[in-house]
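Scroll down for the structure; my scribbles are underneath it.
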């Protein structure tokens with residue numbers, strides 16, 4: 001559907017999906033802490049279960065508070081609709097579920113968040129799925145990795161943690177010519193900095209735990225569909241193009257057209273995998289999204305200031321941030337991510353593993369946590385934590401070598417953050 | 001109407017329409033066209049199905065006709081909803097515009113169906129034409145149902 005509304009991002013982040021509650025007039029979206037919904041009569045119940053009407057049945061499938069979050073994020077992403085999940089990891093499995101059968105594979109970037117690398121290199125094999133890891137700077141390799149059983153290409157927009165930004169338009173052309181969807185994890189960029197659907201992506205996944213909720217309060221994930229992919233153009237996607245036995249042989253794509261993927265995500269995905277988002281988490285995330293653009297502007301401004309300061313410091317070997325003029329991806333970042341290349345980057349310290357450990361332990365404002373996208377500034381030594389399960393080669397490819405520290409820059413005063421890094425670097429280096 | 005219809009036009013059509021003749025609608029309960037007719041019936045529209053394969057059967061207690069010519073001439077049809085391939089559109093549209101000339105206000109072609117010439121002719125006669133859309137989906141989107149499943153409805157409102 002071509003939506004005629006032309007509201008700006010700041011208006012949509014406050015209003016999309018929400019309306020005053022029709023019963024009470026409550027202006028803020030209520031928390032519908034509720035599991036089941038009364039049917040008007042037996043026919044109404046039957047119509048809902050047959051998918052002839054859309055409505056609330058049971059909060060595992062959809063819930064009034066969660067529905068607002070789904071519409072809010074899908075509107076900000078310029079998608080057709082969304083499926084909220086219990087976490088970003090759940091969203092990734094849920095995004096692949098309608099596409100994949102045992103024996104199928106996906107082509108994924110080597111520069112992914114470590115948790116995703118582990119999920120794709122180990123856990124999905126238990127479903128009979130397989131991921132081929134490729135350097136997305138080597139376009140020929142990406143093309144060659146796509147085979148007959150490949151059902152999607154997967155990457156991040158702004159990658160965590162490597163200071164890499166994906167050339168989404170170029171990768172989406174490869175996906176288009178192979179007749180498969182491009183899935184983009186847009187967690188680190190947020191729709192404020194990047195809207196992958198406008199650059200050719202079919203599906204977006206989010207960990208809403210990060211910048212969308214923004215305060216480090218609650219877990220959540222979300223899938224957004226562009227509504228543009230023709231699931232019936234080939235026999236690659238039988239879950240969407242062929243009769244669904246659990247719905248009397250209904251074909252999702254034929255029956256629901258551009259709504260098919262999102263309806264399938266609720267009516268089959270959430271129904272049977274059960275990784276739904278809690279209404280309270282959706283509510284808290286909605287509060288966060290109301291200020292997304294304001295926070296992202298400060299996150300990015302601070303990140304640029306701090307990265308530039310670190311780059312000039314003699315104790316630092318290198319800073320990998322696509323928002324720096326020295327980055328090999330600076331031109332791409334300016335072109336595709338004009339409002340900023342995120343607020344997440346790494347730097348390599350002169351010294352090694354032990355120097356990094358001392359640095360992290362000496363920081364007073366930056367918190368040592370396995371998270372990103374909080375209002376608070378965060379630090380992690382990936383090699384000893386989030387990327388610890390990876391091989392040295394995988395760590396290197398992911399930008400998580402032993403002397404590398406990742407920062408998630410918060411919205412505090414940049415001067416205070418610089419002073420904290422300065423004193424911690426002094427302590428870390430003094431002991432070598 | 002060759003351009004994207006505005007939400008304003010879609011609301012007007014869905015609001016003023018009472019009687020819809022659905023040409024080519026299936027009575028197979030898992031077919032998309034049946035979903036559409038059933039939904040519109042439950043939303044209060046009077047549906048007049050036309051499909052020779054089901055002629056003589058009933059749809060919610062009302063007869064199904066084998067052709068537009070069999071529909072009684074005194075029925076005030078507001079909207080023609082077409083579920084047939086584009087090559088059949090000119091004949092169906094011409095018959096409907098002739099037979100229901102005093103009441104017909106809208107010609108609606110379902111998702112995947114367009115016909116520029118028919119649209120031009122109908123519009124020149126003062127009719128509203130919607131192409132490549134589904135009245136069920138637009139009704140669900142504009143009046144709140146799709147919102148329940150997290151779809152982007154494009155609706156921003158501070159009103160109850």
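Here are the numbers for this structure:
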| quantity | calculated |
| --- | --- |
| Test for residue B:107: is it touching a residue at least 60 places away in the same chain (Cβ under 8 Å), crowded, with 16+ Cβ neighbours inside 10 Å and more than 14 Å from chain A (Cβ to nearest Cβ) | no |
| Segment B:135-150 residues that are more than 7 Å from every other protein chain (Cβ to nearest Cβ) and at positive phi, paired with ones that are surrounded by 23 or more Cβ atoms within 10 Å (Cβ to Cβ) and in a loop (DSSP other than H, G, I, E, B) (beta carbon under 8 Å, 6 or more apart) | B:144/B:153 |
| Lone qualifier among B:91, B:123, B:117 - being at negative phi, modelled with pLDDT of 95 or more, surrounded by fewer than 21 Cβ atoms within 10 Å (Cβ to Cβ) and in contact with a strand residue (DSSP E or B) (Cβ under 8 Å, 6 or more places away or on another chain) | B:123 |
| Which numbered condition residue A:223 misses (of (1) within 12 Å of chain B (Cβ to nearest Cβ); (2) part of a loop (DSSP other than H, G, I, E, B); (3) within 17 Å of the chain's Cα centre (by Cα)) | (2) |
| Residue match in segment A:396-403 (condition: assigned to a helix (DSSP H, G or I) and surrounded by 18 or more Cβ atoms within 10 Å (Cβ to Cβ)) | yes |
| Given (1) within 14 Å of chain A (Cβ to nearest Cβ); (2) surrounded by 12 or more Cβ atoms within 10 Å (Cβ to Cβ); (3) within 20 Å of residue B:105 (Cα to Cα), index of the condition residue B:33 fails | (3) |
| Any chance residue A:357 is assigned to a helix (DSSP H, G or I) and surrounded by fewer than 23 Cβ atoms within 10 Å (Cβ to Cβ) | yes |
| Matching entry among B:43, B:11 (being within 14 Å of chain A (Cβ to nearest Cβ) and over 20 Å from residue B:75 (Cβ atoms)) | B:11 |
| Members of segment A:184-201 that are buried (at least 24 other Cβ atoms within 10 Å of the Cβ), under 16 Å from residue A:80 (Cβ atoms) and in contact with a strand residue (DSSP E or B) (Cβ under 7 Å, 6 or more places away or on another chain) | A:184, A:186, A:196, A:197, A:201 |
| Helices (runs of 4 or more DSSP H) wholly inside segment A:1-80 that include at least 2 residues being more than 7 Å from chain B (Cβ to nearest Cβ), within 24 Å of residue A:274 (Cα to Cα) and at pLDDT below 95 | A:42-49 |
| Extreme residue, farthest from residue A:70 (Cα to Cα), among residues of segment A:189-215 that are more than 15 Å from the chain's Cα centre (by Cα) and either in contact (Cβ under 8 Å) with a residue 60 or more places away in the chain or not in a loop (DSSP other than H, G, I, E, B) (or both) | A:199 |
| Criterion (crowded, with 24+ Cβ neighbours inside 10 Å and away from chain B (no Cβ under 14 Å)) met by exactly one of A:141, A:109, A:86, A:101 | A:109 |
| When residues of segment B:19-45 are limited to those that are touching a strand residue (DSSP E or B) at 6+ places or on another chain (Cβ under 6 Å) and in a loop (DSSP other than H, G, I, E, B), the one farthest from residue A:256 (Cα to Cα) | B:45 |
| Flag if residue A:298 is modelled with pLDDT of 95 or more, closer than 30 Å to residue A:31 by Cβ and not assigned by TED's automatic domain parsing to the domain that holds residue A:28 | yes |
| Given (1) touching a strand residue (DSSP E or B) at 6+ places or on another chain (Cβ under 9 Å); (2) closer than 26 Å to residue A:183 by Cα, number of the condition residue A:35 does not satisfy | (2) |
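The values are calculated or read from the model by the stated rules, or taken from the named source; none is laboratory data. Since this is a predicted model, take the numbers as computed values, not measurements. Glycine gets a Cβ as well: all are built from the backbone with ideal geometry, and neighbour counts include every protein chain shown.
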